[in-house]
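Quick note: the coordinates plus some simple rules give every number you see, no bench work behind them. Note that the coordinates shown come from a computational prediction; the quantities given were computed from them, not determined experimentally.
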Amino acid sequence: MNTEVLKAIYDAACSNNIINNYKFNENIVQSMNYTDIKNKVQMDEQILLVCLMDLESIGFIINTMRNPYKECEYAISFLGIEYFKQLN
C-alpha cells in the first residue's frame, strides 16, 4: 500500500514536469495535497494516514505543509525518486 501512495505522488510530479528522467526540475516546487492523494488511491483514510507517516519516516516523502491551519501537502523526496529509479 505504501508503494501505491508513493506512486500517486510520483506520477503527479512527473505529469506536472517536476521530475524528468529521475531528476527534479529545479525551478518548480512540487506538492500534492492530502485530498488529491486520498481521491487517487481510494483506500481507507486510517490506512492512508499510516502509509503517509511511514513514507515520511523513511524519507521517501516530505510533508510540505506551510500553514498549520490548512490541509497537509506531501512531496516526493530524492530518496523516493531513487526508489523508482532502482525499480526500473
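Per-structure values
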quantity	calculated
Extension gain, Asn17 back to Ser57 (0.36 nm per residue minus Cα-Cα distance, nm)	11.8 nm
Principal-axis tilt of helix 2-15 within the chain, Cα atoms, nearest 10 degrees	50
Cα long-axis angle, helix 78-87 against the chain (0 to 90 degrees, to the nearest 10)	70
In Å, descending, principal axis extents of the Cα set of the chain	33, 28, 22
